[in-house]
């Protein structure tokens, strides 16, 4: 996750005052031999996990064990173990009383707690991921002069005086080892103000004469002196010198300096070189020497899952490794040295340092302004980074028998798609991806083509949302990620619940209340419905991990530095037409899975039916021949909107040669060129149908997965708009079953139409609601076609369908006019009874709300307490948020809503009823007459309560927990975290985020029905 390490709050304050499942092994493909469990009860390795925010190993071991055990109780499969060390020291120094030298990574205290965490997973039957270092895992304790640590390339520049004479020490001398001194003639200089500059950053822009770039390193004396004379400058023309020094940064991801300089583990942790295998060796050496005892390795063999690294949050002047110049020349066949001035700007951390891209930006007087050399530099970074990942992966798989999961190249100036396949389980995150479905598709495409069983997502990190993030928002985020190709979720995150140094109730809070969410038993939902949500996610992951994501279209996408906000063509028309698609970089065309068979690309994985290349695509010259091979093998290739742009590279062919190659490509069989508004028509003309065709009055997204363990296919449908109706047409003639993600139930679909190998199923979906339909072949013993209807009247609100040897159908009808007959698939028509005399629906009112308040304990310094609880009672004529109930406006806790109604209704007939609730904001559980009902679909809560009803008075109780924020904000000025006020207060004194609507709001209706059994 992207941290807020740029803030130094202490400086501001100084001024202002085992078990059943072995590990997954080394196979990251769908052929992996794992016990997935069942749809109703997925195994631990299939279930979502929590990132565990552990302050440091000074904490109570039993509390850590209890925290980890607790995630099993709410339906998680384990934790992602992360000793956070107060964000490595960037969020403040060690709190009073703590000693990072005593509790650092690799110390006896760290190792004891690491073993305890593994043992707890073993005993609870869960699996554990672990970070390769503290903070986000970017480094480990090491000797400060270890050449496997992070390198930086520091640039300095100076204008040669107008007389053309430079006779002094070069700029920056002594900063590090001089790598190069480059001189160039400057044809134009522009000093950009803040308002006119890139990202609002003032900088100097220089246009360099390409032919003037000269390496003068050999002319620099041992004392840094240079004597050189240029022609006198005139007008805008002048000469500049650019000096580049490489050095170890000594940057730490765990800041701690002790007097025990001989003890590596007591001197913090240093960021390692991410652009060479040497950086990985430093990580491996540390773990081998200081942590991986025989017992730890044995425990990892039992319950270990992923060796993991988070987003790469390292800062530099220029992304660099000492090995890059040699690697670059090996890869591209020319020296990078004379082009170093071109990489001075915007080649550090593009996410964390957008305001610090560099003071000087140089371009060339060439048509591409030198972009070719910048792209090649970034390509060399990819090469170096992939070597780093490859070494870590080899260690994880061969030495530990585990797998590697990373957030690849995240934040760095590289083509992320080129790095994704290197990890066994590549991971993205909802924060940086902005919950964008297209961003997810750009990330997941390469992983899916590479056959990765898992494409992971760190989900639920939202700024300014600590203790105020609701499950409805998390559910929305997860559903959008799934249709973007994601199939595993790591929830951000589980908080350590015990006491911590200089920390008040509600306890340790990673990021000091800046990011949410902080899940634990201190959240009222933890024991009141969160498990229902977790089961939904677990079953969703079961379906999405069953087999590869089959995808209709591959979209060509190449960037030297990935920007997920960049748009390519009008992909909206693909969405509206029901086509699924993902993006591929030409780097992915070299994957062993990137071949064409049966006219599809990646036939064992996504099985793309076509490759689309938009006019705005950056096509590499090398990829054109590969694309031609795909087309000649039968893949349809469609150029949309005109001829694509050429991706600049110094080794690329000339533009004339590129244009000629594109012309030859267009003449290749199975290659077509169309205008943008002709694309859908061309796909139809080529008979390239989507696997799931959609027709709806809202935006629906789908996924199609084919299980590798049996013949089940999964169609997942997500409504990204308002409540809507429509239908899907699926390319299968197997029997469809509706799978309930909330309860785990499975029932045959009643209404569908099959013809010509396709199945048409009508659906009605609420906002953000999903549907999961499985397609299975009929058992061999059953030769008869499945009983189903092709038309049902609108008064049918539910059914029970038995398709065994004694087929039967029970319909539940609500009051209304029968608009059409029931028509079975065999052609038989049944006139449905008139239900105009059936009882009508009615709204429940006269609610009694018992509010269980969760407040701070009497001892505010005892952060181990869940809460001090007390009750108040409120009469409600209408259900409104707690913020609209004066006595609850600043309260948090659990609401017990109760009311009653008489049954049967006084007027009209009724055999049972549905209870229909408003969408759930957080979590909810329902009891009818004291009996706990199954979980409800939070986005369209509706339950058949017929089996729970009794004659006379019937009681309904809704248990609705709130988030904790509305209470916490009322005590905001009393809270201390690790010795300091919440970070929000330090950054923006006096600001407290607004309260959040919580509780239950809207109407609750009882909808009676009558039963009818047609004679079938």
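The values are calculated or read from the model by the stated rules, or taken from the named source; none is laboratory data. In this text, all values refer to a predicted model and were calculated from it rather than measured experimentally. Counting neighbours? That spans all protein chains shown, and the Cβs are built from the backbone with ideal geometry, glycine included.
For this structure, a couple of remarks:
- Residue 58 passes every criterion in (1) in contact with a helix residue (DSSP H, G or I) (Cβ under 7 Å, 6 or more places away or on another chain); (2) at pLDDT below 65 apart from (2).
- Among the residues of this structure, residue 561 does not count as one that is part of a loop (DSSP other than H, G, I, E, B) and closer than 22 Å to residue 698 by Cα.
- Residue match in region 221-228 (condition: in contact with a strand residue (DSSP E or B) (Cβ under 8 Å, 6 or more places away or on another chain), at pLDDT 95 or above and exposed (fewer than 13 other Cβ atoms within 10 Å of the Cβ)): yes
- Yes/no for residue 578 being touching a strand residue (DSSP E or B) at 6+ places or on another chain (Cβ under 6 Å), modelled with pLDDT of 95 or more and surrounded by fewer than 23 Cβ atoms within 10 Å (Cβ to Cβ): no
- Single match in 624, 613 (criterion: crowded, with 24+ Cβ neighbours inside 10 Å and not assigned by TED's automatic domain parsing to the domain that holds residue 455): 613
- Only one of 386, 424 that is buried (at least 19 other Cβ atoms within 10 Å of the Cβ), in a helix (DSSP H, G or I) and either in the same structural domain as residue 311 (by TED's automatic domain parsing) or in contact with a strand residue (DSSP E or B) (Cβ under 7 Å, 6 or more places away or on another chain) (or both): 386
- Residue 811 meets the stated requirement of being farther than 30 Å from residue 67 by Cβ, out of contact with any helix residue (DSSP H, G or I) (no Cβ under 6 Å at 6 or more places or on another chain), surrounded by 18 or more Cβ atoms within 10 Å (Cβ to Cβ) and not assigned by TED's automatic domain parsing to the domain that holds residue 992.
- Enumeration of residues in region 832-860 that are farther than 30 Å from residue 526 by Cβ and either surrounded by 14 or more Cβ atoms within 10 Å (Cβ to Cβ) or touching a strand residue (DSSP E or B) at 6+ places or on another chain (Cβ under 8 Å) (or both): 832, 833, 835, 837, 838, 839, 840, 841, 842, 843, 845, 846
- Index of the failed condition, residue 411 passing every other in (1) modelled with pLDDT of 95 or more; (2) assigned to a loop (DSSP other than H, G, I, E, B): (1)
- Top-ranked residue in region 938-978 [being surrounded by fewer than 19 Cβ atoms within 10 Å (Cβ to Cβ) and assigned to a loop (DSSP other than H, G, I, E, B); ranked as nearest to the chain's Cα centre (by Cα)]: 976
- When region 692-730 is filtered for residues that are over 20 Å from residue 571 (Cβ atoms), touching a strand residue (DSSP E or B) at 6+ places or on another chain (Cβ under 6 Å) and either outside any strand (DSSP E or B) or at pLDDT below 95 (or both), the ones remaining, listed by number, are 697, 712.
- Some residue of region 402-410 being assigned by TED's automatic domain parsing to the domain that holds residue 334 and at positive phi: no
- Residue in region 240-253 that is more than 40 Å from the chain's Cα centre (by Cα), assigned to a loop (DSSP other than H, G, I, E, B) and on the phi < 0 side of the Ramachandran plot present: no
- Checking each residue in region 410-423 for being over 14 Å from the mean Cα position of the chain (by Cα) and under 16 Å from residue 387 (Cβ atoms) picks out 412, 414, 415, 418, 419, 421, 422, 423.
- Checked against (1) part of a loop (DSSP other than H, G, I, E, B); (2) at pLDDT below 95; (3) surrounded by 20 or more Cβ atoms within 10 Å (Cβ to Cβ), residue 76 passes all but condition (2).
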